[in-house]
Structure formats: structure tokens, C-alpha cells
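Some notes on the structure that comes next.
Nothing in this text is a laboratory measurement; each read-out follows from the coordinates by a stated rule. Model, not experiment: these values are computed from the prediction. With ideal geometry, Cβ positions are generated from the backbone for all residues, glycine too; neighbour counts draw on all protein chains shown.
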């Protein structure tokens, strides 16, 4: 893995607690310490999903990302240095679909080398609490790996659920939960591809629905969202709740529960609040698509926070020495 990837991962691990109230990671022991692994996750928040999941695991990770993000040559180089591989959709040009073969061949080589790949099973990302129909990507990778004659045949698929309190910048609670691995012993991976895709996707959907909070009513019902947000904050910061228990209790939430703010975040937010405002102001000027805004805001924070602290230190020095 490259130096830029390692820097970004370490930076995210160190600094994310200044930006988020709480990132709770549960079940990371379900990821094998070695051997080929596919992490198959839900996809509610664009590139931020990959950034946070990648920072939450010990092993280096390769990521499958939407192909249109690779249109700009400079952006493509940056994404490639972060171990991202493009996957193209029909909406991005029929002529690009053939490039997906190269990406899936690259995934096979990664798995043959006993490494790890993260794929978002829904294929597309939307800022909500729904699970869309799964694409055939995870099953396509698994079928090829399990039918191979090399180390890729030992592949396991680890389902990953990620739940956000909201999709609008700093201060949110986040739950990342890794489920029990799916192994080839439970499937006839030599059968008709369409049947295999259907069977594997049904199992993966079932697992993801228990690992992430899924409820489309909270998008349109303000009271439902408020109850979810307060309960989510309470459960994640209680520190003694298991992941499955958190999801079950979130579904049982009927009314708003008063919760105290996470004090460590509030303490830091006093210092960084001007910087939060700056990142929120700048992000829409960089990207117009709403789905990318949360990722860009956090990206700005991650890369510019040293500059902000230097500027703050310089202003403080001037005040105390010249006033």
C-alpha cells in the first residue's frame, strides 16, 4: 500500500473524533486476519462510506467506486493512489461498461494475493435509511473466486452495515458493524449464475438488514427522525450495547428520549466551529451533487485541519504579543 493511502487512513483514525460525536465499530473480529476477503456493505453516503470503513479495519483495503469519479485525470490518479477501482454504470456511457471487466479481473488478482476488497452491494448511493436492490457485483466476484484454482478460492464475504445519524456534516453519530462471514460451503457456486446471484443476494440482504438501521419513514416523518436521532445517540454512547441489540432497539423507538450531548465533541467543537463553518461553505463550491457533499466536507476537514491550527496559532501569537 502506498504512503498516501497510509497517511489518509492514519489521519482519519486520529482526527475523526474531532469531527464526529461517536464512531462505534462492532464486530471487527469477524474479519479474518489473513486470506482473501470481500467486505460487502450498504451504501448511504458516497465516498465517506469507504473512508470510514477503510479506517475502521486493520487490514489494507481496495475499494470499488463509481466510475464517473474517475473522469478527471488528476482525480483518477488520487483515487487510484487510495486503492480505488472504477465500476461503471450504463448511465455513465455504454462504451465504459467493458472497462468493468478489467476492474473485476483486478479484484481477482487482489484476492489471489490474499488481500481484501470492499464493494458496495447496492451499486448506487443515496442519502437515506433504505436498502436498495443489490447488484450482482459481490456474487460475480465470489463465483469467480470460488471456482478458481488459486488462493482466491478461500474467499469469505463479510457483510458490513453502516448507519449515520444524519448526512449533513459534523457532529453525527455513526455505527459500523461487521457481520459473520459468508463462506462458499453454503452455496452451489457452480450453478446457473442468475440463480447463484439471487441466492447470495437474498442472504446478503438479510444480513445487512440486521447490521444497519433501515427505515424509510424517518425521511418523511420529522417526529420519527427525531426519535431515531435521540435514541441512536443514547445507545451508541451508552457503551454497553451490542450492535444487533442497537438495531433492534432503534426499530422499537416510538417517542423521543432526551439525551445529553457527547461532551468530548462539544469541548472540541468550540475550538473547531469556525473551521466546520468554512468546510461547509467551501464544499458546495467544489461539487454540486448533493450525494458527494458530506464526503467533500469531511475530506476538507481531514486535509486542512493542520493549516487551520497553524493559522489559529499564528493569530493567537499576534494577539498576545502585539495587543
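Just a few scattered comments:
- Overall form of the stretch 71-190 per C-alpha gyration tensor (a/c, 1.5; a/b vs b/c): oblate
- Length available on full extension from residue 311 to residue 180: 0.36 nm per residue minus the Cα-Cα distance, which gives 42.5 nm.
- Fewest-first ordering of 112, 202 by other beta carbons within 10 Å of each residue's beta carbon gives 202, 112.
- Normalised contact order of the chain, rounded percent, pairs of Cα under 8 Å and 6 or more residues apart: 22 percent
- From the coordinates shown, semi-axes √(5λ) of the Cα gyration tensor in Å corresponds to which of (1) 34, 25, 18; (2) 30, 23, 19; (3) 25, 22, 20: (1)
- FRET efficiency for residue 89 and residue 270, using Cβ-Cβ distance with R0 set to 30 Å, rounded to 0.05: 0.10
- Placing R0 at 41 angstrom, the Cβ-Cβ distance between residue 319 and residue 166 gives a FRET efficiency of 0.70 after rounding to 0.05.
- Spin-label pair residue 109/residue 10, simplified geometry with 7 Å Cα→Cβ offset, distance in nm: 2.8 nm
- Simple label model, 7 Å out from Cα along Cβ direction - residue 287 to residue 101, nm: 3.1 nm
- Nitroxide proxy distance, nm - points 7 Å out along Cα→Cβ at residue 130 and residue 58: 3.9 nm
- The length gained on full extension between residue 278 and residue 252, counted as 0.36 nm times the residue separation minus their Cα-Cα distance, comes to 5.6 nm.
- Packing-based exposure ordering (other Cβ within 10 Å, fewest first) of 84, 3: 3, 84
- Within the stretch 30-106, the percentage of alpha carbon pairs spaced more than 22 angstrom apart rounds to 27%.
- Three-way shape call for the stretch 1-137 based on the alpha-carbon gyration tensor, with the a/c threshold at 1.5: rounded
- The chain: calculated mean residue ellipticity at 222 nm from DSSP helix runs of at least 4, using -39500 (n - 2.57): -17000 deg cm²/dmol
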